[in-house]
Amino acid sequence: MPQTVREYTGSIRNTVKSFWHGLSITLSYLARRPTTVQYPDRTPMPVRDMLPPRYRGFLEVDTAICTGCQACERACPIGCIQISLEKDPANPKQRVVTQFDIDEAKCMFCGLCVEPCPTGSIQHTREFEATQRHIRNLVFRWSDPLKPFPVYKVDKNAEYYPRVPLGSLVRARLETLAWDRAAPVFLPPEPAGAAKPAAQPKVAAAAAAGAAPAKAAAPALKAAPTNGAPAAEKPAVVAPVGAPAADGVKAPAPAKAPAAEQAAAEPAVTLTPETK
Amino acid sequence: MNAKTQDLSARSGKTARGVLLATLAFGFGLPTVLLAAVLVLSPVSKPAMLVAALRAVGVDLSAWSPNARYVLWAVVMVVLALIIVTFAAVISGMTVWWEMRVSARMQSRIGYNRVGAGGYFQWIADAVKLLFKEDLIPADADKLLFRASPYFVLTGFALVFVALPFGESLIAADLNVGIFYITAVTALVVVGILIAGWSSNSKWALFGGMRSAAQVISYEIPAGLSAMVPVLMSGTLSMQGITRSQGAWPWEWHAFTNPFALVAFGIFFVSQLAEGNRTPFDLPEAESELVAGYLSEYSGFRFALFFLVEFGNLWVMSAIAVTLFFGGWQVPFAGPEVFAAARGAGELPGATWWGLQVASMLVFVTKTLLVLNVVVWVRWTLPRIRVDQMMSLCWKYLVPFAFVTFVATLLWEILVARAPVASHVAGGAMVAAMVVVAFFFARQTRQNISAVGDRVDFTNW
Amino acid sequence: MEKLILRRVDRQNEEMILNFGPQHPSTHGVINFLVETDGEVLKRATPDVGYLHRSIEKIGELVGYPGFMPYTDRVDYVAAMFANEGYAIAVEKLLKLEVPPRAQWLRAISCELCRIASHLVSVGTMVMDIGAFTPMLHGIRERETINDLIEALCGARLTYNYHRIGGVAFDLPEGWRDKVLAFLDHFDKFLVEYDRLISFNEIYVKRLANVAVIPGPMAVNYGLVGPNLRGSGVDWDVRRDMPYGAYPNFQFKVPVGKGYFGVSGDSFDRYYVRCLEMAESSKIVRQALESLPEGEITAKVPRNIKPEAGEALSRVESARGEMAYYVVSDGTNKAYRVRVRTGSFTAMSVIEDISPGLMVADLVALISSLDVVAPEIDR
């Protein structure tokens, strides 16, 4: 509140002066170009191409050069990467990756998994658009359990690792994803008795992942560390019937496991064959 | 999904020609049609003109009973009233669109640009959306008052248009207490706001309503006092009388023929901002303090009514300021004798007269839009003042200065009566001073752009 | 708590309780203020925090040392770089690591850019709380440029996760340095324009000057830090007084509230100290870019980080004031305890004492002038 005449007139003078400056600045902005980028449809090029190369978008794994070292899985602070390795039944010297799941919905895009990768197989891409009605569509399975990929043998003399163009794999995946596509079911489709031999490791791995909290099966199958929550089998982990699944694995005949996991799956989801 | 994005990326931001034409046709057509209706109906709604006009089309009213004639006249008046209220709603919607565009540019944004060319149809889309929204009434609200308050606000707003001159003969009713009437009916808005604040049963709304009551009632005083200055200068309260006492050129306007009237205009402008709850006086709905103030609990159509009034008030306050201080609808080179000559002696006016009416309406609308832009501009520049500062501004600055201008105008009028040249000298000097100020302001604006290394670029408007 | 207050309120005097939050436009996140008012004038305002608690400190005990780094981004997402730096320094102390100079310089550059970005949000939202919208978006616009720069540097715009234990994650991208210098040239001019646009606006000054004064001793007693403390006239800056990283090599002033338009410690001082700090940060970034040493960007860090049992405390000057990380190791690969001391939390405590006699609009000014960020209060 003004106490003196000087303050009284001074506040009027300051008002005029500061409004003069303020109004002239806002007026001047009418003659400048706005800075808005009209994502997504009115950009000079797709926004992913405008992003810097270091942008941390969806993770991409080039399975051709994945050594199966599981360094990324260990580095991930939230355990959204799930890797399982098996011996190839056909070639006992060759190890195969039967499961390489990345839950992109859980991923916090920190980039810690990229750093320890010896070959640069796992990388962040500049892809970021993947709206999905069913969040489980965002679990990217880089290894087809029916056709596990063999681990890459690092050539000590190689100067570089032959990696596919960054982002091409993720983009191919995303383009097949309609936003309202039905969620996949990460469970074996057929009864264990009818399972093909190739599907056998998958059953075991899935069951092991589901039973990880039970700890019984985990060491036996070299499955995920217990702090890394399995990415795919959320319902199986949450449901108490995960424990019988562990029994099924420990027993030589895995007959019980599919039934238990079916019980654990969400009833709303229809059981469809593996699509990836 | 990605393929779709790709397609869209390929699309440029250019508007299709059809959309552009439709927008232009609608954007100019709708107000033009409404203004044309006002143009025709407001002279015709006078009883004598109505009789003459109907006789011209072959209907003889003298055969009708007096009651039937009254009914007919009432019907015409109701149609005129509906047209004017519709015009108010349309102009309020267009103001929303324009304000959003301007504010976006001031903030380096693009603003509305999707619905129609320049996003013009956005206000219609918003209005439709508001009409379809669920009409919520809080559980413990006073339901009757809660429902009633938007109509108080709308009534107070719409009644102003009765005495608002759009042109030489384009006024619904040229009341001889015009400006007094406008001041009186505007106060009805605060009743509505107060009811809204109280009946919502929300503390935020109550705060908003109380602030609004304190604010509007306080600022009635400087607004009324400063409106007295042009009244003193023209010797009448009638809006048409005040306009007629000014000339068409800036040096004949009230604001520039009397140095104190310019100060009075400043006071009037600030008071009108406060009465219209515009920034820097948007305390009743201060979103960072009171969430939405008295509007907090409103939704749907009731909210739309409040919104309409808020933006329609821009037009009203600008129109009143233009009428009082900036020569209203006065057309250059067209004094009262020109209008009289054009009208002719017949019962119905001639075509030239209608042309002059159109010209006067255009002048009025242009001036009003200019003042309206200033209000928009001020809103997007200034922060909000505090409630005690709002009071102190009113009672310690505006009211004393309004009294000073009031008394000084009395003395000035005595001087002008003795020496009429004083008003011409003041007019010339003040218009010259305004031009100089405008030049310096434009220069300052230009320097602002180069000072941060930007350049003038209108390409994306 | 509500019951407690309800008992105190004297219904006879028409006082009322206003739940100012948890969802309110000007609480800058999810905070609740239980406000006892008599009309527009506050009797008192009691902050009620905890709505945004995410157990970040507990997470620090559950994930490994490097794995906690992305979580520190979430401590204060407006200025994530400082949280990164504080944690990295604490673990480096535990490991007795020497960080290479280039990494330290890069840390300083990224942190000062982040400080500018954070202060732009702070002063912008402050102006918005006072009722002007345009300057806020001007601030956000400049911040976008910084976000783009940091995105080019480390790949993320908000949760940077740029610092690593023993260094930083990336070296400068090509052409980045020129982009930063060009931005800073523009930014210095922008600051002048911003001051003309709003800082010295008479309404704005009148809204803030002499409002919610926190005297220097009181600020110290309440543990205020950073610009809030300096706004009260206390000349304390960790970067200068307890130097860490590359800061001893830079010349910069520490702006202190002098009562620019009112008394020292009022809301305007807290606001304006931030404006001045942005200019100083700009100077620091220039100096750091000029004197950037060559060399490694990370020290040799074992892949499996297992510090010896012990404890370490790091203090960094965050945008919201001194941020301290206290990390206790028990010799395993996970921390025994991680404690984060943040400026926003202590800033909340002063509100209850300052608020009596303020008006509702002043409370908004006080909250925003303290520049509290809700996740930093609750962690």
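The values are calculated or read from the model by the stated rules, or taken from the named source; none is laboratory data. The shown structure was predicted, so the numbers you read here are calculated from the model rather than taken from an experiment. Cβ coordinates were reconstructed from backbone atoms using ideal geometry, including for glycine residues, and neighbour counts include every protein chain displayed.
Would you mind finding the one in A:PRO40, A:PRO46 that is touching a residue at least 12 places away in the same chain (Cβ under 8 Å), away from chain C (no Cβ under 11 Å), over 30 Å from C:GLY67 (Cα atoms) and of a type outside the set (Phe, Trp, Tyr)?
Among A:PRO40, A:PRO46, only A:PRO40 is touching a residue at least 12 places away in the same chain (Cβ under 8 Å), away from chain C (no Cβ under 11 Å), over 30 Å from C:GLY67 (Cα atoms) and of a type outside the set (Phe, Trp, Tyr).
With (1) more than 30 Å from C:ASP73 (Cα to Cα); (2) in a loop (DSSP other than H, G, I, E, B); (3) in contact with a Pro (Cβ under 9 Å, 6 or more places away or on another chain) as the list, and A:ASN157 as the residue in question, which single condition is left unmet?
(3)
With the structure loaded, tell me whether C:ALA288 is within 14 Å of chain B (Cβ to nearest Cβ) and more than 20 Å from the chain's Cα centre (by Cα) or whether it fails that test.
Here the answer is no, as C:ALA288 does not meet what is asked.
Would you be able to say whether some residue in segment B:193-202 is in a loop (DSSP other than H, G, I, E, B) and away from every other protein chain (no Cβ under 14 Å)?
Scanning segment B:193-202 turns up at least one residue that is in a loop (DSSP other than H, G, I, E, B) and away from every other protein chain (no Cβ under 14 Å).
Give segment C:201-212 a look and list any residue that's buried (at least 19 other Cβ atoms within 10 Å of the Cβ) and either closer than 13 Å to B:THR381 by Cα or out of contact with any helix residue (DSSP H, G or I) (no Cβ under 7 Å at 6 or more places or on another chain) (or both), or say none.
C:ASN201, C:GLU202, C:ILE203, C:TYR204
Among B:VAL85, B:VAL102, which is the only one that is in a helix (DSSP H, G or I) and either within 14 Å of chain A (Cβ to nearest Cβ) or surrounded by fewer than 16 Cβ atoms within 10 Å (Cβ to Cβ) (or both)?
B:VAL102
Using the structure shown, decide if A:PHE58 is facing chain C (nearest Cβ under 8 Å) and not hydroxyl-bearing (Ser, Thr, Tyr).
No, not satisfied.
Output the residue which, of all residues in segment A:68-93 that are in contact (Cβ under 8 Å) with a residue 12 or more places away in the chain and farther than 30 Å from C:THR72 by Cβ, is nearest to the other protein chains (Cβ to nearest Cβ).
For segment A:68-93, the residue satisfying everything is A:GLY68.
I'd like to verify a number: residues in segment B:115-141 that are within 30 Å of B:ALA16 (Cβ to Cβ), surrounded by fewer than 14 Cβ atoms within 10 Å (Cβ to Cβ) and out of contact with any Gly (no Cβ under 9 Å at 6 or more places or on another chain), how many?
Residues flagged as within 30 Å of B:ALA16 (Cβ to Cβ), surrounded by fewer than 14 Cβ atoms within 10 Å (Cβ to Cβ) and out of contact with any Gly (no Cβ under 9 Å at 6 or more places or on another chain) within segment B:115-141 amount to 2.
Among what's in segment B:104-132 and is among the charged types (D, E, K, R) and farther than 24 Å from B:PHE306 by Cβ, pick the residue that is modelled with the lowest pLDDT.
So the residue we want is B:ARG114.
Picking from A:PHE100, A:PHE109, which residue would you name as being within 14 Å of chain C (Cβ to nearest Cβ) and within 23 Å of C:PRO70 (Cβ to Cβ)?
One residue alone meets the criteria, A:PHE109.
On the given criteria, is B:ILE195 surrounded by fewer than 24 Cβ atoms within 10 Å (Cβ to Cβ), in contact with a helix residue (DSSP H, G or I) (Cβ under 8 Å, 6 or more places away or on another chain) and closer than 30 Å to B:PHE325 by Cβ?
no
Just one of (1) free of Cβ contacts under 8 Å to residues at least 60 places away in the same chain; (2) surrounded by fewer than 23 Cβ atoms within 10 Å (Cβ to Cβ); (3) in contact with a Phe, Trp or Tyr (Cβ under 9 Å, 6 or more places away or on another chain) trips up B:VAL378, so point out which.
The failed condition is (1).
Of these, B:ALA438, B:ALA442, which one is more than 9 Å from every other protein chain (Cβ to nearest Cβ) and part of a helix (DSSP H, G or I)?
Checking each option against the conditions leaves just B:ALA438.
Within segment C:160-192, take every residue that is free of Cβ contacts under 8 Å to residues at least 40 places away in the same chain and charged (D, E, K, R) and give me the one that is nearest to C:ILE150 (Cα to Cα).
Within segment C:160-192, the match that is nearest to C:ILE150 (Cα to Cα) is C:LYS179.
Among (1) touching a residue at least 12 places away in the same chain (Cβ under 8 Å); (2) in a loop (DSSP other than H, G, I, E, B), there is one condition B:GLN357 misses while meeting the rest; what is its number?
(2)
Identify all residues within segment A:20-37 that are at the interface with another protein chain (Cβ under 7 Å from one of its Cβ atoms) and either in contact (Cβ under 8 Å) with a residue 12 or more places away in the chain or farther than 30 Å from A:ARG126 by Cα (or both); write none if there are none.
Scanning segment A:20-37 gives A:HIS21, A:GLY22, A:LEU23, A:SER24, A:ILE25, A:THR26, A:LEU27, A:SER28, A:TYR29, A:LEU30, A:ALA31, A:ARG32.
In segment C:39-70, what count of residues is obtained for those that are at negative phi and within 14 Å of chain A (Cβ to nearest Cβ)?
Qualifying residue count for the region: 15.
For segment B:142-159, indicate whether the set of residues that are surrounded by fewer than 17 Cβ atoms within 10 Å (Cβ to Cβ) and under 30 Å from A:ARG42 (Cβ atoms) is non-empty.
No.
Which of the residues spanning segment A:71-108 are assigned to a loop (DSSP other than H, G, I, E, B) and crowded, with 19+ Cβ neighbours inside 10 Å?
Within segment A:71-108, A:CYS76, A:PRO77, A:ILE78, A:GLY79, A:CYS80, A:GLU104, A:CYS107 meet the criteria.
State yes or no: is B:ILE414 more than 10 Å from every other protein chain (Cβ to nearest Cβ) and either modelled with pLDDT under 90 or touching a Cys at 6+ places or on another chain (Cβ under 9 Å) (or both)?
Yes, satisfied.
Criterion first (of a type in the set (Val, Ile, Thr), within 14 Å of another protein chain (Cβ to nearest Cβ) and surrounded by 17 or more Cβ atoms within 10 Å (Cβ to Cβ)) does B:ILE110 satisfy it?
Yes.
Which members of segment C:339-353 meet the condition of being out of contact with any Pro (no Cβ under 9 Å at 6 or more places or on another chain), surrounded by fewer than 24 Cβ atoms within 10 Å (Cβ to Cβ) and not acidic (Asp, Glu)?
Within segment C:339-353, C:ARG339, C:VAL340, C:ARG341, C:PHE345, C:THR346, C:VAL350 qualify.
A quick yes/no check of all residues on (1) basic (Lys, Arg); (2) modelled with pLDDT under 85; (3) within 26 Å of B:TRP329 (Cβ to Cβ):
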position: B:GLY156; (1), (2), (3): no, no, yes
position: B:ASP174; (1), (2), (3): no, yes, yes
position: B:VAL177; (1), (2), (3): no, no, yes
position: B:THR183; (1), (2), (3): no, no, yes
position: B:GLY192; (1), (2), (3): no, no, no
position: B:VAL231; (1), (2), (3): no, no, yes
position: B:SER245; (1), (2), (3): no, no, yes
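Considering each residue of segment C:18-38, count those that are under 18 Å from C:GLY357 (Cα atoms), more than 10 Å from every other protein chain (Cβ to nearest Cβ) and surrounded by fewer than 22 Cβ atoms within 10 Å (Cβ to Cβ), and give that number.
3
Considering only residues that are in contact with a Ser or Thr (Cβ under 9 Å, 6 or more places away or on another chain) and assigned to a strand (DSSP E or B), look in segment A:15-65 and name the one that is surrounded by the fewest Cβ atoms within 10 Å (Cβ to Cβ).
Per the criteria, the residue is A:ARG42.
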